[in-house]
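A short write-up of the structure that comes next.
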Amino acid sequence: MIIVILNQRLLKDLWIVQSESHTALECTHCHQPVKEKVIGEDLHSVFCCYGCKVVYELLENKGSVIEQASLPSAQYLYLEEENIKASLLEFKEGNFEKISLHLPQIHCSSCIYLLENLPRVEKGILEVKVHFTRRQAEVVYRSDEISLPQLAALLDYIGYKPDFQTKTHKKEKKKKNRLLYQLGVAGFFFGNTMLLALPEYFDSSIANDRQLQNFFRFLMLGFSLPVMFYSAQDYFINAFKSLRAGVLSIDLPIALGVSVLFLRSSYEIFVGTGSGYLDSLTGLVFFLLLGKWYQQKTYENFTFDRDFRSFLPLAANLLLDGGKEKPIAVEKLDKGDRIIVRDGEVIPSDMLLLSANAMVDYSYITGEALPVAKSQGDKIFAGGRIKDGAATLEVASTVDHSYLASLWSKESFKSEEQKQSQAFTDKISQYFTPAIVLIAVTAAGFWATADLSKAVTVFTAVLIVACPCALALAEPFASGSMMRWFGRSGFFLKNAEVLNRLSAVDQIVFDKTGTLTQQNNIEVNWHGDDLFFEDHLAIASIARQAQHPLARVIQNYLKVEDLPSRVADFKEASGEGVTAVYQKDFYRIGTARFTGLKEEEATSTTIYIKKNDRLLGYFSLSQQTRAELTTVIADLKTTYQLSLLSGDNKGEEKRFREIFGTNNELLFEQNPSEKLDYILGQQQKGRKILMLGDGLNDAGALKRSEVGISLCEKNVNYFPASDALLMAESFTKLPGF
């Protein structure tokens, strides 16, 4: 309670400093200044946020929320499905259940106060612990008094809608907890060993009490055992594995140094010649683990490693005969099943629209923020989000056979072997370790002829002093600090290994559309026969179903509303074009190569339209490049070999040739497979590739590159393959990064 009050006062003081000129009302509950006024039910109370309003009124009423309010828990009924519930719960014993929930709306001390005091207003909830920085809450409750759907509805009602995610990283979480335990053990025994060793550093009376001195020394030896055999065990394991693999990693000299420290200290204590270096041993292990923990904390909040299922809902509402709904896990959906998807919900697999019409937001996949209009019979891809109402859909393919799943199943996503890189410390260790061992053996051999005990002392001293602990400590702190600085500048790295690969890059490959150009600033012109109204309808209807961002541009250019659903046999060749039948007429829309034409010289991107093997004409699209593009490319090409890979035709080659210069390679009409083949071909020549792209069509090339960077607008796109995310406003800083 004291911490809550202090936090509230700090927030109040900060608010006053930042807005001295603004006279604000005071919140009835937390007494902080009110920026956006929230009126209470009694019309007299004023609150700074919805959370304060709810907590104040709940504590005033002092009754069960579930009993007082009719909570809309129907939307959470899928949480009663056994396999879904089992994947979410962290503990279950009888009626006692524990779950960890992500609550993105947590933002202030009042939120913490409200959530942690929920047991006071709802008897079924036993305990709530809030982790503010992670926006998470651990809830322990009795399932016989409040069900999981009711708990979710309650949190939604008070303004903290839970974001459920399947626990796919239990192994990773266990590993993180283990490191924390190792660090705690090392820190505890380091502190105590240091206290016991302190008298050894001074000319104290303890030297006159041999019995007490020996007791302290053996106690230090006992304290060092958990540090040696638990906290430091990973260094020994990794050293053994690296030796077995024929690699000299940095863990080997560390393990060697720690072992010699322990053995020499034990020898001195047992023979009574000294106290050894156990305080140094425990301190060394503690600070090494502290460096590991710091590095881990740097990027633990980034979720680059999720697979495509992490972006899909856990369950869907299956429509039964008679119009009834039944929650079902998305993995159990079969082809032909009918489901209902409501406003804001994500489509779990490729579907056919049964409703008259629907609006679909594909920003998850393409980055295009404008929703797409769909009509009955249209195909809707997994990952789209229904907007402005509900839609009835029929499953066209199961979750594992959707468009997203097909991208994920490609070979480029199955292995990270091509991205394995040696850390800076491991590179040094290849030469450092043999040199140190050679010096130690040589020095020991020199002294062995005169004094064997001195030879042992010299041998161990070299190994102890030369232990590369400073280097092992420096790298995690340096790389962690670098990653944090990058993050503050709009460049988010997956992990510290990306830094090593980034420094080795000698060629940069760019995607064009959406990466070097601005999608929302495109001029469209039609060249060809005058289009009949029926052709207008046909082209707009087909473009509406295509996933390429330029299809949306053409649809907007044609300005046809209330499109009829007459498209059949729709097929899309990713990055090249689409084919479809519209009222018995066969249309082919896409690049010159896709439509079977010879490309004419043009100064812009062109999309050709063929109807029943007759060319109607083409659309020319002039995309405005990013304002800072010329400066960035001019800076980069002084150091790196540059390449441009584009799925569009050669219409804009002249413009980009002027920017990139004659010494850099520009390839157009590249489909995703050809982009991937180009990356592999360059790597076979010994090139280290950095790929910069903006969407799923670049996923294979991003994954195979030594460093794959996804360029993000304000609405962050769906990037399964990236090693890093670069915010669009930070594009000009790319050379510096």
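Tabulated data for the structure shown
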| quantity | calculated |
| --- | --- |
| Residue within region 206-218 that is surrounded by fewer than 13 Cβ atoms within 10 Å (Cβ to Cβ), at pLDDT 80 or above and aliphatic (A, V, I, L, M) present | no |
| Within region 648-689, considering residues that are open to solvent by less than 40 Å² (accessible area, probe 1.4 Å), in contact with a Ser or Thr (Cβ under 7 Å, 6 or more places away or on another chain) and not in a helix (DSSP H, G or I), the one modelled with the lowest pLDDT | Asn649 |
| Close pairs (8 angstrom Cβ cut-off, 6 or more residues apart or separate chains): open to solvent by less than 70 Å² (accessible area, probe 1.4 Å) in region 220-246, of a type in the set (Ser, Thr, Tyr) and not in a helix (DSSP H, G or I) anywhere | Met220/Ser275; Asn238/Ser249; Ala239/Ser249; Ser242/Ser249 |
| When residues of region 416-427 are limited to those that are open to solvent by less than 60 Å² (accessible area, probe 1.4 Å) and assigned to a helix (DSSP H, G or I), the one modelled with the lowest pLDDT | Gln418 |
| Unmet requirement for Ser259, which otherwise passes all of (1) closer than 25 Å to Pro476 by Cα; (2) in contact (Cβ under 8 Å) with a residue 40 or more places away in the chain; (3) part of a helix (DSSP H, G or I) | (2) |
| Whichever residue in region 370-388 is assigned to a loop (DSSP other than H, G, I, E, B), closer than 21 Å to Val560 by Cβ and open to solvent by 10 Å² or more (accessible area, probe 1.4 Å) and, among such residues, is modelled with the lowest pLDDT | Leu370 |
| Looking only at region 691-709, and only at residues there that are out of contact with any helix residue (DSSP H, G or I) (no Cβ under 7 Å at 6 or more places or on another chain) and modelled with pLDDT of 80 or more, the one that is surrounded by the most Cβ atoms within 10 Å (Cβ to Cβ) | Leu702 |
| Test set (1) under 19 Å from Leu516 (Cα atoms); (2) of a type in the set (Val, Ile, Thr); (3) surrounded by 15 or more Cβ atoms within 10 Å (Cβ to Cβ); (4) modelled with pLDDT of 80 or more - Ile589 fails condition number | (1) |
| Top-ranked residue in region 552-579 [being more than 20 Å from Val360 (Cα to Cα) and in a strand (DSSP E or B); ranked as modelled with the lowest pLDDT] | Ala573 |
| Pairs with Cβ under 7 Å, 6+ apart, first in region 477-490 and on the phi > 0 side of the Ramachandran plot, second outside any helix (DSSP H, G or I) | Gly490/Leu726; Gly490/Met727 |
| Selection status of Ser73, under 17 Å from Gly159 (Cβ atoms), at pLDDT below 70 and either open to solvent by less than 60 Å² (accessible area, probe 1.4 Å) or in contact with a Lys or Arg (Cβ under 7 Å, 6 or more places away or on another chain) (or both) | yes |
| Selection count where residues are in a helix (DSSP H, G or I), open to solvent by 30 Å² or more (accessible area, probe 1.4 Å) and at pLDDT below 85, scope region 151-183 | 11 |
| Members of region 191-205 found to be open to solvent by 40 Å² or more (accessible area, probe 1.4 Å) and either modelled with pLDDT of 85 or more or under 48 Å from the mean Cα position of the chain (by Cα) (or both), listed by number | Asn192, Met194, Leu195, Leu198 |
| Of all residues making up region 271-283, the number that are in a helix (DSSP H, G or I) and out of contact with any Phe, Trp or Tyr (no Cβ under 9 Å at 6 or more places or on another chain) | 2 |
| Residue match in region 225-248 (condition: of a type in the set (A, V, I, L, M), modelled with pLDDT under 75 and within 15 Å of Leu284 (Cβ to Cβ)) | no |
| Residues of region 112-150 satisfying the condition of being open to solvent by less than 30 Å² (accessible area, probe 1.4 Å) and assigned to a helix (DSSP H, G or I) | Leu114, Leu115, Leu118, Val121, Leu148, Pro149 |
| Subset of region 669-695 [farther than 14 Å from Val505 by Cβ, hydrophobic (A, V, I, L, M, F, W, C) and either in contact (Cβ under 8 Å) with a residue 60 or more places away in the chain or in contact with an Asp or Glu (Cβ under 6 Å, 6 or more places away or on another chain) (or both)] | Leu676 |
| Residue check for Lys123: over 18 Å from Leu79 (Cβ atoms) and charged (D, E, K, R) | yes |
| Restricting region 303-351 to residues that are in a loop (DSSP other than H, G, I, E, B) and of a type in the set (Lys, Arg), the residue that is modelled with the lowest pLDDT | Arg306 |
| Qualifying residue in region 92-111 (condition: modelled with pLDDT of 70 or more, open to solvent by 30 Å² or more (accessible area, probe 1.4 Å) and touching a Gly at 6+ places or on another chain (Cβ under 8 Å)) | yes |
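Yes/no matrix, rows are residues, columns are (1) of a type outside the set (Phe, Trp, Tyr); (2) surrounded by fewer than 22 Cβ atoms within 10 Å (Cβ to Cβ); (3) touching an Asp or Glu at 6+ places or on another chain (Cβ under 8 Å):
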residue: Arg488; (1), (2), (3): yes, yes, no
residue: Val498; (1), (2), (3): yes, no, yes
residue: Ile508; (1), (2), (3): yes, no, no
residue: Phe532; (1), (2), (3): no, yes, no
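The values are calculated or read from the model by the stated rules, or taken from the named source; none is laboratory data. In this text the structure is predicted, and so the values were computed from the model without any measurement. Note that we place each Cβ from the backbone using ideal geometry, even for glycine, and neighbour counts take in every protein chain shown. Each accessible area value is taken on the protein alone, full model and side chains, heavy atoms only, with ligands, DNA and RNA left out. Shrake-Rupley method; radii C 1.70, N 1.55, O 1.52, S 1.80 Å.
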